[in-house]
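Here the structure comes first, spelled out in structure tokens, and everything after it is commentary.
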Amino acid sequence: MPLMTWNEKMSLGVVGIDNEHKKLVGLVNELYDAIQAGKANDVLGRVLDGLVAYTESHFRHEEALFSDAGYPHSAEHKREHERLATRVLEIQAQVRDGVRGALSLDVMNFLKDWLINHIQDSDRKYIPYLPAGRSTKIAEQNQDLSVV
Ligand SMILES: [Fe+2]
Ligand SMILES: [Fe+2]
């Protein structure tokens, strides 16, 4: 069973952004499945690396969009991204070092809850600032975002 499922409450009405968020949900589930399947640490590390890489490219994408749009809470939003990135880098280092519990259920639930809350609260707030017609452009840009 997946750790989390996409639902309409997470939709922000901008197709490109929604697709990136769906991809993140999928990658969190992929990591969870690998943990549940008892995969070796190096395998978990690689799945986690893929999630981290995609998360970072998503953050850069969002930050470029809302900064260009003159979103007044850009700095605050970027700080939220940074705090998560710092936490995830710690987890990544622990997995690399073979620390037990680095990817515990608590850690996975933390990632899940962060994603849901961040999308539903913080991401939702910058959407009205994006210029009209942006959604199509975002959808096109989204095609370029590759996943490890
Ligand atoms: Fe986001
Ligand atoms: Fe965000």
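Could you list, in sequence order, all residues of the stretch 83-130 that are outside any helix (DSSP H, G or I) and of a type outside the set (A, V, I, L, M)?
97, 98, 100, 101, 104 - these are the residues of the stretch 83-130 that are outside any helix (DSSP H, G or I) and of a type outside the set (A, V, I, L, M).
When you check residue 79 against the structure, is it within 16 Å of ligand 1 (Cβ to nearest atom) and of a type in the set (Lys, Arg), yes or no?
Considered against the rule, which asks whether it is within 16 Å of ligand 1 (Cβ to nearest atom) and of a type in the set (Lys, Arg), residue 79 comes out as yes.
Which one of the conditions (1) open to solvent by 50 Å² or more (accessible area, probe 1.4 Å); (2) assigned to a loop (DSSP other than H, G, I, E, B) does residue 49 fail to meet, given that it meets all the rest?
Residue 49 satisfies all of (1) open to solvent by 50 Å² or more (accessible area, probe 1.4 Å); (2) assigned to a loop (DSSP other than H, G, I, E, B) except (2).
Going through 75, 102, 93 one at a time, which residue ends up being over 22 Å from residue 29 (Cα atoms) and free of Cβ contacts under 8 Å to residues at least 12 places away in the same chain?
75
Just the residues that are touching a helix residue (DSSP H, G or I) at 6+ places or on another chain (Cβ under 6 Å) and open to solvent by 40 Å² or more (accessible area, probe 1.4 Å), please, taken from the stretch 52-69.
67
In the list 106, 97, 123, which residue meets the criterion of being among the acidic types (Asp, Glu), open to solvent by less than 20 Å² (accessible area, probe 1.4 Å) and out of contact with any Lys or Arg (no Cβ under 7 Å at 6 or more places or on another chain)?
123
For the stretch 70-93: of the residues being of a type in the set (A, V, I, L, M) and within 12 Å of ligand 2 (Cβ to nearest atom), which is surrounded by the most Cβ atoms within 10 Å (Cβ to Cβ)?
84
Taking the stated definitions as given, is residue 39 open to solvent by 50 Å² or more (accessible area, probe 1.4 Å) and within 11 Å of ligand 1 (Cβ to nearest atom)?
Answer is no for this residue.
May I ask you to list pairs of residues, at least six apart or on different chains, whose Cβ atoms are under 7 Å apart, with the first in the stretch 35-52 being without any contact (Cβ under 8 Å) to a residue 60 or more places away in the chain and the second being part of a helix (DSSP H, G or I) and open to solvent by 50 Å² or more (accessible area, probe 1.4 Å)?
45/96; 47/30
Of the conditions (1) free of Cβ contacts under 8 Å to residues at least 40 places away in the same chain; (2) assigned to a loop (DSSP other than H, G, I, E, B); (3) buried (at least 16 other Cβ atoms within 10 Å of the Cβ), residue 3 fails just one. Which one is it?
(1)
Taking the stretch 11-34 as the region of interest, how many residues are surrounded by fewer than 16 Cβ atoms within 10 Å (Cβ to Cβ), more than 12 Å from the chain's Cα centre (by Cα) and not charged (D, E, K, R)?
Residues flagged as surrounded by fewer than 16 Cβ atoms within 10 Å (Cβ to Cβ), more than 12 Å from the chain's Cα centre (by Cα) and not charged (D, E, K, R) within the stretch 11-34 amount to 2.
The values are calculated or read from the model by the stated rules, or taken from the named source; none is laboratory data. This one's a predicted model, so the numbers in the text were calculated from it and none came from an experiment. Cβ sites come from the backbone with ideal geometry, for glycine too, and all protein chains shown count toward neighbours. These area figures cover heavy atoms from the full protein model, side chains too; ligands, DNA and RNA do not enter into them. Shrake-Rupley method; radii C 1.70, N 1.55, O 1.52, S 1.80 Å.
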